[in-house]
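Each remark here refers to the structure printed beneath this line.
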Amino acid sequence: MPKSETPLLGGTANRGQVVRVGDTVRRPLRPSSPATHTLLQHLERVGFSTGSEGAPTLLGIDDQGREVLTYLPGATVTPPYPAWSMTDAALDSVAGLLRRYHEAMIGFDPDGHPWAEPVPAAYVDGLVSHNDPNLDNFVFRDGVAVALIDFDLAGPGSALWDVAAAIRLWAPLRPDADIHDARHGRTLARLRRFADSYSLDETDRARLIDAAAENHIWCMDYVRRGAEAGHPWFHQRWTTGEAELTDRTNTWFANHDAQLRQALLR
């Protein structure tokens with residue numbers, strides 16, 4: 001008998017379309033799927049993906065035309081955020097896993113593949129970055145990040161672009177009044193800690209705040225375009241406060257530029 005399908009939350013773009021079947025995950029194909037499949041095969045080949053950690057392993061395409069990936073057991077971070085996910089130890093593990101991913105991608109040639117969403121040219125240096133290191137795209141076990149998932153937005157970028165995106169989301173970099181969890185009041189400390197845990201070099205530290213501000217604009221423009229195109233989940237997100245939060249955060253970056261840069265000084 002066919003195994004039952006258990007719905008998984010999925011991201012905003014594919015919400016309601018991702019399911020677990022036994023020890024596998026089934027996800028809809030996208031125009032960029034050939035590129036992400038090549039990426040996942042590379043990660044398996046270099047040993048970043050071990051079957052249970054690192055990243056999902058591509059198993060093929062099922063009879064419904066969905067990609068089949070290994071299911072990685074563990075917890076992802078979704079609201080309401082559990083206490084363990086907001087700890088410095090969890091933050092350190094995210095930075096460490098992201099760095100290992102970047103090291104694993106050295107030598108991978110992105111040319112000739114149909115990547116999804118181009119990043120600003122100033123932040124493209126030949127490395128294929130994940131481009132969506134959101135809280136719910138890390139798998140944790142015992143409070144430690146052990147795997148990255150959801151490579152739909154992966155494409156030519158840089159380690160700096162990924163670190164900027166991760167810090168923006170995990171610190172988080174936004175007005176304190178818009179932080180409603182244990183990270184409230186700790187933005188600068190978590191910004192510095194993530195950069196230190198990643199071992200970000202001086203050159204990238206000098207560019208990090210500009211990169212984070214541009215990453216915010218890039219990400220929110222992607223959401224806005226999805227909403228305008230009629231995507232139901234992007235539309236819901238954009239029209240229930242995201243547009244206003246985007247404006248507040250853009251202003252916050254401009255008003256706190258000096259403080260953010262000071263926090264990164266060693």
Project the alpha carbons of region 1-142 onto their principal axes and report the range along each, largest first, in whole Å. 49, 40, 28
Rounded to the nearest 0.05, FRET efficiency between Ala229 and Leu9 (Cβ-Cβ, R0 22 Å) equals 0.50
Between Asp125 and Arg45, what is 0.36 nm times their sequence separation minus the Cα-Cα distance? Round to one decimal in nm. 26.5 nm
From phi via Karplus (6.51, -1.76, 1.60), per-residue ³J(HN,Hα) for region 155-169 in Hz, x at Gly/Pro: x, x, x, 6, 4, 4, 4, 5, 5, 4, 5, 5, 5, 4, 8
Skipping prolines and chain starts, which residues have an amide H placed within reach, meaning under 5 Å, of the one on Leu8, given they are 5 or more residues away or on another chain? Val18, Val19, Arg20
In whole Å, how far is the Cα centre of region 216-266 from that of region 120-151? 18 Å
Most fluctuating residue given options Val139, Val19, Val94, as computed from a GNM of the chain linking Cα atoms under 10 Å: Val19
Using each residue's phi in region 110-127, evaluate 6.51 cos²θ - 1.76 cosθ + 1.60 at θ = phi - 60° and report the 3J(HN,Hα) Karplus result to the nearest Hz, with x for Gly and Pro. x, 5, x, 10, x, 5, 7, 9, x, 9, x, 4, 5, 10, 10, 10, x, 8
By how many nm would the segment from Ala89 to Asp62 lengthen if fully extended, with 0.36 nm per residue of separation less the alpha-carbon distance? 5.9 nm
If you place +1 on the Cβ of every Lys and Arg, -1 on the Cβ of every Asp and Glu, and leave all else neutral, what size is the dipole of the chain about its Cα centre, to the nearest 20 Debye? 420 debye
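Every read-out reported here was derived from the displayed coordinates using simple, explicitly stated rules and does not represent laboratory data. All of these numbers come straight from a predicted model, not from anything done at the bench. Note that each Cβ is placed from the backbone with ideal geometry, even for glycine, and that neighbours are counted across all protein chains shown.
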